[in-house]
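Contents: one structure, followed by commentary.
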Amino acid sequence: MQGHRPSGRARRVMKIGIIGAGNIGGNLTRRLTALGHDVSVANSRGPHTLTALAEETGATPVTVAEAARDAEVVVITVPVKAVPNLPSGLLDRAAPGVAVIDTGNYYPRERDGRIAGIEDDGLTESRWTERQIGHPVVKAFNGTFAQDILERPRPAGDPDRMALPVAGDDEAAKHRVRDLIDALGFDTVDAGGIDDSWRQQPNTPVYGLRAGTGAVTEALAEASPERTPEFRG
């Protein structure tokens, strides 16, 4: 697991699609538009429900089916139970090599119901999501408090700068996501591949941890792969 410092390269404007306009999706829309990115945002209720967010941020409200069009980064931030309902071919018109960020968490008792692939087959939550959408994902922001996206960015080197764990199998996509998180004002720790992403699922030491790279690295190492009873359906 490796911490991340900024590369010093000039930031490049990207086209970014955000699917889900709840707390995480809304605040990522706010921050990413503020950084100058071209952001399209969608939710399950339709573009007409996103007028206020669009007026506030300058993001473009679109349908879910259009959210990934030409996008270099797509953020999927919907309840896990809703992932199978995403449109077929969602990423077909995304930019080549699109990086897909999965912010999701499996809450079987509170929201999602029992998902056999996760509980019976032992898939990590994000591996299960990958199989539903047919594309590799990078797991990030799943344990981040939404308000921290707005309130806790810090410049590189600040002793109070938070670090976020990032897991994924596609190294190029993971690098792009880590650079984006750096631009948002957070360090990152490489948490391994998607099969290792259980280390940052709910009820692990790193979940919700507001700390720097050292503490986040230690928390990832302390995680147990056992799913506790309260996180089983």
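The values are calculated or read from the model by the stated rules, or taken from the named source; none is laboratory data. Please read these numbers as outputs of a predicted model, since none were measured by experiment. Cβ coordinates were reconstructed from backbone atoms using ideal geometry, including for glycine residues, and neighbour counts include every protein chain displayed. Side chains are part of the model used for accessible areas, which takes the heavy atoms of the whole protein and leaves out ligands, DNA and RNA. Shrake-Rupley method; radii C 1.70, N 1.55, O 1.52, S 1.80 Å.
Data for the structure
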item	result
Residue list for region 85-96, filter: crowded, with 16+ Cβ neighbours inside 10 Å, in contact with a Lys or Arg (Cβ under 9 Å, 6 or more places away or on another chain) and either more than 20 Å from residue 174 (Cβ to Cβ) or among the β-branched types (Val, Ile, Thr) (or both)	none
Subset tally (residues that are modelled with pLDDT of 95 or more and either buried (at least 21 other Cβ atoms within 10 Å of the Cβ) or not in a helix (DSSP H, G or I) (or both)) for region 1-23	9
Meets criteria (open to solvent by 60 Å² or more (accessible area, probe 1.4 Å), touching a helix residue (DSSP H, G or I) at 6+ places or on another chain (Cβ under 9 Å), within 19 Å of residue 206 (Cα to Cα) and modelled with pLDDT of 95 or more) for residue 132	no
Residue identified as surrounded by 22 or more Cβ atoms within 10 Å (Cβ to Cβ) and under 21 Å from residue 44 (Cβ atoms) among 82, 67, 99	67
Matching residues in region 42-72 - criterion: being small (Gly, Ala, Ser), part of a loop (DSSP other than H, G, I, E, B) and under 16 Å from residue 22 (Cβ atoms)	44, 46, 59, 67
Flag for residue 29 being among the hydroxyl-bearing types (Ser, Thr, Tyr), at pLDDT 95 or above and open to solvent by 10 Å² or more (accessible area, probe 1.4 Å)	no
Extreme residue, surrounded by the fewest Cβ atoms within 10 Å (Cβ to Cβ), among residues of region 102-124 that are of a type in the set (D, E, K, R) and either out of contact with any Asp or Glu (no Cβ under 8 Å at 6 or more places or on another chain) or assigned to a strand (DSSP E or B) (or both)	120
Selection within region 125-145 - assigned to a helix (DSSP H, G or I) and either over 21 Å from residue 170 (Cβ atoms) or of a type in the set (A, V, I, L, M) (or both)	133
Residue within region 150-159 that is surrounded by 19 or more Cβ atoms within 10 Å (Cβ to Cβ) and in a loop (DSSP other than H, G, I, E, B) present	no
Count - residues of region 184-233 that are aliphatic (A, V, I, L, M), open to solvent by less than 30 Å² (accessible area, probe 1.4 Å) and in a helix (DSSP H, G or I)	5
